[in-house]
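First up is the structure itself, then whatever we jot down about it.
The values are calculated or read from the model by the stated rules, or taken from the named source; none is laboratory data. Computed from a predicted structure; not experimentally measured. Positions of Cβ are backbone-derived with ideal geometry, glycine not excepted, and every protein chain shown enters the neighbour counts.
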Amino acid sequence: MSGITIKEYGLTFVWAALREYLGRSWPILLIFAAGCVLGIVFAITGRKKENPLEIVDARDYVPGKYEDNPLPDSSSVTWMFIGIVIFCALTVMNPFLVRVLIPKFGMTTVYYRFFWIIPITFGAAYWLTRAAGMVKKRVLQAGLVILLCAGMAWLMPLNPGIPNVRIPTNVYKVDGAVPVLCDAVHEDFEKTQKYITASEKLAQITDTSSKKWLKAVQKQYPLCVFPYGIEFAVRQYDPTIRLLFNRNLRLFYEGNTSTGISYGSKNTRYIRRKLILDAMYGKDPAITQEAFREAMDKTGAQYLIVEEHLANGGFLVQSGCKQVGVVAGYTIFKYGL
């Protein structure tokens, strides 16, 4: 829940995060609460006593008489959801307890992953399904389902809206440029002497459980800097692409401070990476070729992938980078290979 912090919101952070999470989909909370209330009422007023065990001869069997209810008992499901809510209210949703525990886990400034909201969505879905199942006639049941779906779509519109939803065209469900770029980088890297040497050293190590073997495996993978727009997709798509920036470093560089972690001028690890990005995009004309090469050598970066129209190509080539090619609208540079 980006931007919702214990430090800023204090004891109201739970409600603030809940509002931020639900947004225009607030009716789902109303459905969940109404389902809990009605479930309790029905459980108290409509519970039937269990019939004693009845032994039935096969010849006396009546079709449909002993069939189970296709839906689980509503009271048991109701109490299950209520139990989850009570548990969360006493633990992760407890602002007094969280203010004491969260700092001990190194998350003093931020607490935004509200997985405890998941029961709300499942609970609302269950009770809507239960409501539709109470209608016996198939035609009326189908009509009710359509009305419920239409009502949900109207009350909780998609963001940014159905017309603006982009559906990936590849089987990996990522930006179409990601697989092409990753393949291009691997193809070029596997032609280099560094990759050949790394493969030969890896073949000489027999103990596949040793740290030495793990380090040798890493040497076979290229170390890259990708544009922010596709970097996180690359991280998910291809684990054999090593990224120079971790999540927090890149978010901070892009101006996102919701992680609660900041990097100052004394953090050389961040400063070197920042220098590389600034040089890639020509953000700082004061950067010298010597400073850029030093940052590349210290970090071990091997490939720089830049949007074609934003690349500071002249500076990168003069500083020792070689242009591999332009792929899917991105320019690929390699260094030290």
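Within the bounds of region 267-278, is there any residue that is acidic (D, E), surrounded by fewer than 15 Cβ atoms within 10 Å (Cβ to Cβ) and closer than 26 Å to P222 by Cβ? Reasoning before the result, please.
Just the residues of region 267-278 that are acidic (D, E), to begin with: 278.
Still in the running and surrounded by fewer than 15 Cβ atoms within 10 Å (Cβ to Cβ): none.
The answer is no; no qualifying residue exists.
Restricting to region 279-301, name every residue that is within 28 Å of the chain's Cα centre (by Cα) and over 14 Å from L223 (Cβ atoms).
If the condition is that a residue be within 28 Å of the chain's Cα centre (by Cα) and over 14 Å from L223 (Cβ atoms), then M280, Y281 are the ones that fit.
Since F252 meets every condition but one in (1) within 24 Å of V178 (Cβ to Cβ); (2) touching a residue at least 40 places away in the same chain (Cβ under 8 Å); (3) surrounded by 14 or more Cβ atoms within 10 Å (Cβ to Cβ), which condition does it not meet?
(2)
Just to check your reading of the model, which residue among Y270, Y228 is out of contact with any Lys or Arg (no Cβ under 6 Å at 6 or more places or on another chain) and more than 22 Å from G336 (Cα to Cα)? Don't jump to the end; show me each part of the working.
Numbers: Y270 fails: more than 22 Å from G336 (Cα to Cα).
Just a single option satisfies the conditions, and that option is Y228.
Restricting to region 293-308, name every residue that is touching a strand residue (DSSP E or B) at 6+ places or on another chain (Cβ under 9 Å) and either crowded, with 19+ Cβ neighbours inside 10 Å or outside any helix (DSSP H, G or I) (or both).
M296, G300, A301, Q302, Y303, L304, I305, V306, E307, E308
Condition check ((1) under 16 Å from C224 (Cα atoms); (2) acidic (D, E); (3) in contact with a Ser or Thr (Cβ under 7 Å, 6 or more places away or on another chain)) across all residues:
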residue: R242; (1), (2), (3): yes, no, no
residue: T268; (1), (2), (3): no, no, no
residue: K274; (1), (2), (3): yes, no, no
residue: M280; (1), (2), (3): yes, no, no
residue: K298; (1), (2), (3): yes, no, no
residue: L310; (1), (2), (3): no, no, no
residue: Q323; (1), (2), (3): yes, no, yes
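Yes/no matrix, rows are residues, columns are (1) surrounded by 12 or more Cβ atoms within 10 Å (Cβ to Cβ); (2) at pLDDT 80 or above; (3) in the same structural domain as E307 (by TED's automatic domain parsing); (4) at negative phi:
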{"residue": "S76", "(1), (2), (3), (4)": "no, no, no, yes"}
{"residue": "G83", "(1), (2), (3), (4)": "no, yes, no, yes"}
{"residue": "C88", "(1), (2), (3), (4)": "yes, no, no, yes"}
{"residue": "L101", "(1), (2), (3), (4)": "yes, no, no, yes"}
{"residue": "T109", "(1), (2), (3), (4)": "yes, no, no, yes"}
{"residue": "K137", "(1), (2), (3), (4)": "no, yes, no, yes"}
{"residue": "A142", "(1), (2), (3), (4)": "yes, yes, no, yes"}
{"residue": "V171", "(1), (2), (3), (4)": "no, no, no, yes"}
{"residue": "A184", "(1), (2), (3), (4)": "yes, yes, yes, yes"}
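Right, I287: surrounded by 19 or more Cβ atoms within 10 Å (Cβ to Cβ) and not polar (S, T, N, Q) or not? Outline the logic, then answer.
Values: surrounded by 19 or more Cβ atoms within 10 Å (Cβ to Cβ): no; not polar (S, T, N, Q): yes.
It is false that I287 is surrounded by 19 or more Cβ atoms within 10 Å (Cβ to Cβ) and not polar (S, T, N, Q).
Restrict the check to region 310-320 and report whether at least one residue is more than 28 Å from Q193 (Cβ to Cβ), surrounded by 13 or more Cβ atoms within 10 Å (Cβ to Cβ) and in the same structural domain as D188 (by TED's automatic domain parsing). Give the derivation first.
Let us first name the residues in region 310-320 that are more than 28 Å from Q193 (Cβ to Cβ), namely 310.
Applying the additional criterion that residues be surrounded by 13 or more Cβ atoms within 10 Å (Cβ to Cβ) yields 310.
After this cut, where a residue has to be in the same structural domain as D188 (by TED's automatic domain parsing) as well, the list is 310.
Yes - at least one qualifying residue is present in region 310-320.
Considering each residue of region 288-315, count those that are of a type in the set (A, V, I, L, M) and without any contact (Cβ under 8 Å) to a residue 24 or more places away in the chain, and give that number. Outline the logic, then answer.
Going residue by residue through region 288-315, those that are of a type in the set (A, V, I, L, M) are 291, 295-296, 301, 304-306, 310-311.
Then keep just the ones that are without any contact (Cβ under 8 Å) to a residue 24 or more places away in the chain; that gives 291, 295.
Here the count works out to 2.
Could you check how many residues of region 327-337 are at pLDDT below 95 and more than 29 Å from the chain's Cα centre (by Cα)?
Qualifying residue count, region 327-337: 2.
Mind telling me which of the residues I271, I261, I305, I287 ends up being in the same structural domain as E190 (by TED's automatic domain parsing) and closer than 25 Å to F189 by Cα? Before the answer, list the steps.
Details: I271 fails: closer than 25 Å to F189 by Cα; I261 fails: closer than 25 Å to F189 by Cα; I287 fails: closer than 25 Å to F189 by Cα.
Result of the check over I271, I261, I305, I287: I305.
Part of a loop (DSSP other than H, G, I, E, B) and without any contact (Cβ under 8 Å) to a residue 40 or more places away in the chain: does that describe K274?
Working: part of a loop (DSSP other than H, G, I, E, B): no; without any contact (Cβ under 8 Å) to a residue 40 or more places away in the chain: yes.
No, not satisfied.
Does any residue of region 221-229 turn out to be out of contact with any strand residue (DSSP E or B) (no Cβ under 7 Å at 6 or more places or on another chain) and buried (at least 17 other Cβ atoms within 10 Å of the Cβ)? Outline the logic, then answer.
Initially, region 221-229 is screened for residues out of contact with any strand residue (DSSP E or B) (no Cβ under 7 Å at 6 or more places or on another chain), giving 228-229.
Okay, now just the ones that are also buried (at least 17 other Cβ atoms within 10 Å of the Cβ), so none.
No - not one qualifying residue is present in region 221-229.
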